[in-house]
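S.K.: Let me give you the structure first, and then I'll get to my questions.
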Amino acid sequence: MRNPLITLIGGNFKTRKKSAKWSPKAQQLIADASDGLETFYDYHMHLLGLGTKERDIWVNPTVLSLIHPFDFLKAKVFMNASGIRNKKKADEQYLNQLFQLIEKIPIAGKYCLFAWEKCYDLNGEVNLKDTKIHISNDYVFRICQRLPDKLVPVVSIHPYRTDAVIELEKWAKKGVKMVKWMPATMGMDPSEPRCVPFYQKMKDLDMVLISHAGEEETVPVEKFQPLNNPLLFRLPLEIGTKVILAHCAGKGDGKDLENKGKKVPNHELFFRMMDEPRYEGKLFGDISALAQANRCGAPLRTVFEQKEHHHKLLYGSDYPLPAINSAISLKLLIKLGYLNKEDKSPLTEIYKNNPLLFSFVLFRSMHDPNDENYRLPISVFSYHKSLGI
Ligand SMILES: [Zn+2]
């Protein structure tokens with residue numbers, strides 16, 4: 001049974017079995033979005049499940065327990081948006097919806113699918129108490145093999161693991177190029193000297209670290225929240241490891257560790273590093289989730305303003321987040337000057353049919369609030385040669 005409130009907050013859309021028949025306006029918007037793009041790249045996508053079928057997935061029972069009502073509600077909203085209608089079939093249903101959405105996108109695309117590492121303590125021991133969810137590297141790799149021309153596996157390896165470097169080499173040999181971290185959830189401190197051999201190995205193997213940065217809202221472990229400070233990534237950058245910071249670190253304030261620890265918006269700390277010429281070709285930002293109501297103020301405006309950095313930005317959907325009906329407000333994006341009023345109805349139509357396509361078309365349609373003719377360049381949505389992924 002679908003709870004109407006959860007449906008409204010979660011995924012208020014219906015994926016049609018057959019290809020959608022678009023209205024002329026929606027058709028035009030999709031055509032405009034794909035104009036000039038042979039293949040678009042989504043560098044940020046989550047693979048989730050509940051471990052109902054797959055032994056490679058584990059969810060901490062506390063996440064699904066009413067003892068933690070906020071976590072419980074969030075989990076319900078996520079499940080709804082991800083197409084999970086029956087908890088017992090959660091793993092298959094998540095995949096079914098994801099594959100269906102991808103299949104119906106009328107433009108060739110590549111999607112980087114993330115594994116999800118457990119928490120580890122500094123002594124190298126696994127910390128299951130703070131682990132909210134675990135999606136193994138094996139599982140992600142296996143799923144990506146089902147659609148090898150579209151899905152790109154991204155492993156997640158905790159640098160405190162005693163076998164971290166061995167694990168890294170193992171996946172590199174299988175052709176994996178990217179490693180995913182969520183410090184505020186997994187508990188790694190990117191500035192911890194213990195990570196140095198890991199960074200060094202990543203650099204030697206020409207692998208790229210993609211990490212969530214800025215305040216974590218989806219699955220934070222509160223005591224780990226300061227670990228999402230963008231400045232902590234100076235260590236891998238100084239070593240020469242390539243780093244993509246998700247959402248351009250666009251949420252919340254972080255401690256300015258270079259200025260007496262005063263609180264500064266995280267996206268400003270991120271752009272401070274982007275300004276440094278020595279990080280050219282090393283530091284990148286993904287624009288995923290920046291259209292959400294909680295990031296489309298100053299963080300998104302700054303992203304549009306910083307035009308000299310647009311060649312270092314990458315598109316990411318952060319799926320399943322765009323499927324959450326309440327996450328993005330088109331009305332607010334119009335009010336703030338990013339969208340034209342007439343795009344609201346075709347975008348809503350696209351959302352209702354395919355939230356993954358909606359996310360892409362939305363980001364292609366948004367413009368600089370100060371310049372209606374300026375949209376993010378096509379390179380943001382394309383293959384990034386300098387990353388080699
Ligand atoms: Zn994400």
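The values are calculated or read from the model by the stated rules, or taken from the named source; none is laboratory data. Note that this is a predicted model, so its numbers are computed, not measured. With ideal geometry, Cβ positions are generated from the backbone for all residues, glycine too; neighbour counts draw on all protein chains shown.
S.K.: Can you say whether Glu103 is closer than 22 Å to Leu356 by Cα and away from the ligand (no atom under 16 Å from the Cβ), as far as the supplied structure shows?
M.R.: On the way: closer than 22 Å to Leu356 by Cα: yes; away from the ligand (no atom under 16 Å from the Cβ): yes.
So Glu103 passes the test.
S.K.: Next question. Given the conditions (1) within 20 Å of Val179 (Cβ to Cβ); (2) surrounded by 18 or more Cβ atoms within 10 Å (Cβ to Cβ), report the number of the one that Phe271 does not fulfil.
M.R.: For Phe271, the failing item is (1).
S.K.: Under 6 Å between Cβ atoms, at least 6 apart or on separate chains: pull out the pairs that start in region 329-351 with a residue that is closer than 19 Å to Asp368 by Cβ and end on any residue that is surrounded by 18 or more Cβ atoms within 10 Å (Cβ to Cβ) and among the hydroxyl-bearing types (Ser, Thr, Tyr).
M.R.: Taking only residues 6 or more apart or on different chains, the pairs are Asp343/Ser365.
S.K.: A follow-up question, please. Residues in region 197-211 that are part of a helix (DSSP H, G or I) and either within 16 Å of the ligand (Cβ to nearest atom) or under 16 Å from Trp171 (Cα atoms) (or both): how many? Outline the logic, then answer.
M.R.: Filtering region 197-211 down to residues part of a helix (DSSP H, G or I) leaves 197-204.
Within this subset, residues satisfying the condition of being either within 16 Å of the ligand (Cβ to nearest atom) or under 16 Å from Trp171 (Cα atoms) (or both) are 198-204.
Selection size over region 197-211: 7.
S.K.: Quick check on region 250-285: of everything there that is under 20 Å from the mean Cα position of the chain (by Cα) and among the aromatic types (Phe, Trp, Tyr), which residue is farthest from Cys296 (Cα to Cα)? Spell out how you get there, then give the answer.
M.R.: Applying the first criterion (under 20 Å from the mean Cα position of the chain (by Cα)) to region 250-285 yields 250-254, 265-271, 274, 282-285.
Now narrow it down to the ones that are among the aromatic types (Phe, Trp, Tyr): 270-271, 284.
On the way: Phe270: 16, Phe271: 16, Phe284: 19 Å.
Among those that are under 20 Å from the mean Cα position of the chain (by Cα) and among the aromatic types (Phe, Trp, Tyr), it is Phe284.
S.K.: On to the next question. Only one residue in Lys17, Lys53, Lys76 is farther than 28 Å from Leu387 by Cβ and either assigned to a helix (DSSP H, G or I) or at pLDDT 90 or above (or both), so which one is that? I'd like the intermediate steps shown before the answer.
M.R.: Working: Lys17 fails: either assigned to a helix (DSSP H, G or I) or at pLDDT 90 or above (or both); Lys53 fails: either assigned to a helix (DSSP H, G or I) or at pLDDT 90 or above (or both).
It is Lys76.
S.K.: Test Tyr41 against the criterion of being part of a strand (DSSP E or B), within 20 Å of the chain's Cα centre (by Cα) and not small (Gly, Ala, Ser), and give yes or no. It would help to see each step written out before you state the result.
M.R.: Numbers: part of a strand (DSSP E or B): yes; within 20 Å of the chain's Cα centre (by Cα): yes; not small (Gly, Ala, Ser): yes.
Yes.
S.K.: Okay, moving on. Any residue at all in region 79-94 that's part of a helix (DSSP H, G or I), of a type in the set (S, T, N, Q), buried (at least 17 other Cβ atoms within 10 Å of the Cβ) and modelled with pLDDT of 85 or more? Let's see the steps before the verdict.
M.R.: First, pick out the residues of region 79-94 that are part of a helix (DSSP H, G or I): 79-81, 87-94.
Going one step further and asking which of them are of a type in the set (S, T, N, Q), we end up with 80, 93.
Pick out the ones that are also buried (at least 17 other Cβ atoms within 10 Å of the Cβ) and you get 80, 93.
This time we only want the ones that are modelled with pLDDT of 85 or more, so: 93.
Yes, the conditions are met somewhere in region 79-94.
S.K.: Something else: Mind listing just one residue for me: the one in region 352-371 that is charged (D, E, K, R) and touching a residue at least 24 places away in the same chain (Cβ under 8 Å) and, of those, farthest from Leu101 (Cα to Cα)? Quick ask: steps written out before the conclusion?
M.R.: Residues of region 352-371 that are charged (D, E, K, R), as a first pass: 352, 364, 368, 371.
With touching a residue at least 24 places away in the same chain (Cβ under 8 Å) added as a condition, the list becomes 352, 364, 368.
Values: Lys352: 11, Arg364: 18, Asp368: 29 Å.
Ranking the qualifying residues of region 352-371, first place goes to Asp368.
S.K.: Which numbered condition trips up Ala90, out of (1) out of contact with any helix residue (DSSP H, G or I) (no Cβ under 6 Å at 6 or more places or on another chain); (2) of a type in the set (Gly, Ala, Ser); (3) within 16 Å of the ligand (Cβ to nearest atom)?
M.R.: All conditions pass for Ala90, except number (3).
S.K.: Right, Arg142: surrounded by fewer than 21 Cβ atoms within 10 Å (Cβ to Cβ), among the basic types (Lys, Arg) and under 17 Å from Glu54 (Cβ atoms) or not?
M.R.: On the way: surrounded by fewer than 21 Cβ atoms within 10 Å (Cβ to Cβ): yes; among the basic types (Lys, Arg): yes; under 17 Å from Glu54 (Cβ atoms): yes.
In short, yes.
S.K.: For Phe141, which of the numbered conditions (1) within 27 Å of His384 (Cβ to Cβ); (2) touching a Leu at 6+ places or on another chain (Cβ under 7 Å) fails to hold?
M.R.: Exception for Phe141: condition (2).
S.K.: How many of the residues making up region 315-332 are more than 30 Å from Ser386 (Cβ to Cβ) and either of a type in the set (Asp, Glu) or away from the ligand (no atom under 16 Å from the Cβ) (or both)? I'd like the intermediate steps shown before the answer.
M.R.: So in region 315-332, the residues more than 30 Å from Ser386 (Cβ to Cβ) come out as 323-327, 329-332.
Within this subset, residues satisfying the condition of being either of a type in the set (Asp, Glu) or away from the ligand (no atom under 16 Å from the Cβ) (or both) are 325-326, 329-332.
The qualifying residues number 6.
S.K.: Select from region 106-121 the residues that are modelled with pLDDT of 95 or more and not in a strand (DSSP E or B) and write down the one among them that is farthest from the ligand (Cβ to nearest atom).
M.R.: The extreme case among them is Asp121.
A quick yes/no check of all residues on (1) part of a helix (DSSP H, G or I); (2) within 16 Å of the ligand (Cβ to nearest atom):
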site	(1), (2)
Gln145	yes, no
Val152	no, yes
Ala172	yes, no
Val179	no, yes
Asp189	no, no
Cys195	yes, no
Ala213	no, yes
Pro220	no, yes
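S.K.: Return the residues of region 147-174 that are of a type outside the set (A, V, I, L, M, F, W, C) and farther than 15 Å from Ala115 by Cβ; say none if nothing qualifies.
M.R.: First, the residues of region 147-174 that are of a type outside the set (A, V, I, L, M, F, W, C): 148-150, 153, 156, 158-163, 167, 169-170, 173-174.
Within region 147-174, Pro148, Asp149, Lys150, Tyr160, Thr162, Asp163, Glu169, Lys173 qualify.
S.K.: If you don't mind, another one. Here is a list: Lys312, Lys307, Lys282, Lys335. Which entry is touching a Phe, Trp or Tyr at 6+ places or on another chain (Cβ under 7 Å), more than 16 Å from the ligand (Cβ to nearest atom), of a type in the set (D, E, K, R) and modelled with pLDDT of 95 or more?
M.R.: Details: Lys307 fails: touching a Phe, Trp or Tyr at 6+ places or on another chain (Cβ under 7 Å); Lys282 fails: touching a Phe, Trp or Tyr at 6+ places or on another chain (Cβ under 7 Å); Lys335 fails: touching a Phe, Trp or Tyr at 6+ places or on another chain (Cβ under 7 Å).
One residue alone meets the criteria, Lys312.
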